[in-house]
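The values are calculated or read from the model by the stated rules, or taken from the named source; none is laboratory data. Keep in mind the model is a prediction, meaning the values are calculated, not measured. Reconstructed Cβ throughout: ideal geometry from the backbone, glycine too, with neighbour counts over all protein chains shown. Heads up: the accessible areas ignore ligands, DNA and RNA and are worked out on the full protein's heavy atoms, side chains in. Shrake-Rupley method; radii C 1.70, N 1.55, O 1.52, S 1.80 Å.
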Amino acid sequence: MHKLYYQFPGTWFGDCMPFGKGDEFFLYHQRDNRNPEPFGEPFGWDLATTTDFVHYKDCGVAVPRGGDGEQDQFIFAGSVFEGEGQYHIFYTGYNRDYPEQGKPAQVLMHAVSDDLYHWEKTQDAITFTPQEGYDPDDWRDPWVIRDEERGQYLLILGARKIGPKTCQTGRTVKFTSTDLKNWTFEGDFWAPDLYTMHEMPDLFKMGDWWYHIVTEYSDKHKMVYRMAKSLEGPWIAPDDDAFDGSAYYAGRTFELNGKRILFGWVATKEDCDDEKNFEWAGTFVPHEVYQREDGTLGVRIPDTVWSAFNEREAVASDAIIDGVGARRNVVLADHCGDLYSFEADVTFSEGTRSFGLRVYRDEDAERSYQFIFPVAENRYVFEGSPNFPWFNCMNIGLERPIDLVPGRQYHIRMIVDDTIATLYVDGVALNARMYQRPGDALSMFVTDGELAIRNATIARGLREA
């Protein structure tokens, strides 16, 4: 079981609807019991709170699901928002039986609260039924912000046009309101015709830039974002338009006390098998989002998470691995356990073909997982090593683009928590799952070059609460 990342016992963490007040984050989320499979048994929203993303308080059911005959048989994703003197939830009511009855499967619904813990479903006219021309069974995940410039509220949601599910008509649509009660449909907000559906849309401003995030499952199966100087666009794509790989899904953000956190989940794999596909829901992993000088976004480990580990131990003091004409591997730490953090500054020489880290390594059999940086390809990839028998790790989408330059110093931070490995390199993150765990060593390697490792430390386990 995970000792750091959050997953309520006996359940799998689904889509998160974050909110914050004071110094506390509220994680409204779906808990799937997988009875007998993902989405098997209907769910509502549960609530957990945290101040540090290390210790969590369980608050139980926040918004109970409706009955099997009601619109909100399942409570899909939505938005928690404060306005007009109350807290509001705009959520997706989903009934899997409704399409056969000629009714829309997904309708937007509303609940209110005075304390964030007890919610009352309004059951009033605030139901945003799918508009003409849009697919009534893909109309979900509302997100509300206050548009101060226009003195109104803006609600966006994920949708697609009517047609075969393979058509790439995914879009974000918008509604406006002055009172959170009466809403006007304003058409498409962002319709790039890139994906079959937009899930979990998010919209926020940081500095001079607006950012629009969506999660897509028809291209790279991950979260992507666009940026603009105005809510009217144009929405431009940075070179790296993602935050993580295909294992990290459906994240939403919330800013509290100057820290904007991305609340996504790392998917499990079917039957806990490295060779099989990812499935819906898993374990919550927070990223802190920050803005680079050029306006693009990076992610890093929240300070409270990094500082929760035990005392750091120096390893491989300023080592240089010589792999000229070959591949060389150096063990940095043995007996790492199933919960640790690792940090190092690395620099590779001209002509280097690849370098990387090996996790859960068995030194005798030379079996491990690895994050490998193929220098000429300007990316890093998670995979099994050796990938034999072919293949022993389904890793489609477990890669991230990164500009790899000889002589440049790269800052690496990694957290391993049971079956999850999270690697950060200068704001570029990648999460992965590992189920076999062949060994217990951590090592680094280089091929056809030299790798300098400086300031390398490891911290095993968490400090006592």
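Suppose we filter Gly93, Gly60, Gly14 for residues that are more than 20 Å from Ser113 (Cβ to Cβ), in a strand (DSSP E or B) and touching an Asp or Glu at 6+ places or on another chain (Cβ under 7 Å); which single one remains?
Among Gly93, Gly60, Gly14, only Gly14 is more than 20 Å from Ser113 (Cβ to Cβ), in a strand (DSSP E or B) and touching an Asp or Glu at 6+ places or on another chain (Cβ under 7 Å).
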Legend entry - Only listed residue being of a type in the set (Phe, Trp, Tyr), assigned by the TED database to the domain that holds Pro130 and open to solvent by less than 20 Å² (accessible area, probe 1.4 Å), chosen from Phe26, Phe76, Phe81: Phe26
Legend entry - Hits in the stretch 183-202 - residues which are in a strand (DSSP E or B) and touching a residue at least 40 places away in the same chain (Cβ under 8 Å): Phe185, Trp190, Glu199, Met200, Pro201, Asp202
Inset, instruction - Among the numbered conditions (1) outside the structural domain of Trp390 (by the TED database); (2) of a type in the set (Phe, Trp, Tyr); (3) touching a Pro at 6+ places or on another chain (Cβ under 7 Å), tell me where Phe348 comes up short. - result: (1)
Inset, instruction - Please specify each residue of the stretch 351-377 satisfying the condition of being open to solvent by 60 Å² or more (accessible area, probe 1.4 Å) and outside any strand (DSSP E or B). - result: Arg353, Glu363, Asp364, Glu366, Ala376, Glu377
Legend entry - Phe26 assigned to a strand (DSSP E or B) and under 24 Å from the mean Cα position of the chain (by Cα): yes
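How do the strands (runs of 3 or more DSSP E) wholly within the stretch 396-464 filter down when requiring 2 or more residues that are open to solvent by less than 10 Å² (accessible area, probe 1.4 Å): which remain?
Details: elements: 399-401, 410-417, 420-425, 428-433, 441-447, 450-460.
Per the criteria, 410-417, 420-425, 428-433, 441-447, 450-460.
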Inset, instruction - Scan the stretch 251-273 residue by residue and report those that are out of contact with any Gly (no Cβ under 6 Å at 6 or more places or on another chain) and either surrounded by 18 or more Cβ atoms within 10 Å (Cβ to Cβ) or not assigned by the TED database to the domain that holds Ile145 (or both). - result: Arg252, Thr253, Arg260, Ile261, Lys269
Legend entry - Test result for Asp58, more than 20 Å from Leu155 (Cα to Cα), surrounded by fewer than 15 Cβ atoms within 10 Å (Cβ to Cβ) and touching a residue at least 24 places away in the same chain (Cβ under 8 Å): yes
Inset, instruction - Considering (1) without any contact (Cβ under 8 Å) to a residue 24 or more places away in the chain; (2) within 22 Å of Ala429 (Cβ to Cβ), say which one Lys205 fails and leave the rest. - result: (2)
Inset, instruction - Could you check Met1 against (1) out of contact with any strand residue (DSSP E or B) (no Cβ under 6 Å at 6 or more places or on another chain); (2) within 22 Å of Ala247 (Cβ to Cβ); (3) assigned by the TED database to the domain that holds Glu120 and say which number it fails? - result: (3)
Inset, instruction - Enumerate the pairs (first residue in the stretch 256-270 and free of Cβ contacts under 8 Å to residues at least 40 places away in the same chain; second residue anywhere and open to solvent by 20 Å² or more (accessible area, probe 1.4 Å) and assigned to a strand (DSSP E or B)) with beta-carbon separation below 6 Å, excluding pairs fewer than 6 apart on the same chain, so at least 6 apart or on different chains. - result: Glu270/Glu279
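Applying the selection to the stretch 293-328, what residues are within 26 Å of the chain's Cα centre (by Cα) and farther than 20 Å from Phe263 by Cα? Step through it out loud before you land on a result.
Initially, the stretch 293-328 is screened for residues within 26 Å of the chain's Cα centre (by Cα), giving 293-310.
Once the filter is applied, which keeps residues that are within 26 Å of the chain's Cα centre (by Cα) and farther than 20 Å from Phe263 by Cα, the stretch 293-328 yields Glu293, Asp294, Gly295, Phe309, Asn310.
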Legend entry - Identity of the residue in the stretch 317-332, in contact with a Leu (Cβ under 9 Å, 6 or more places away or on another chain) and surrounded by fewer than 20 Cβ atoms within 10 Å (Cβ to Cβ), that ends up farthest from Thr347 (Cα to Cα): Val331
Legend entry - Leu231, sole failed condition from (1) part of a loop (DSSP other than H, G, I, E, B); (2) open to solvent by 70 Å² or more (accessible area, probe 1.4 Å): (2)
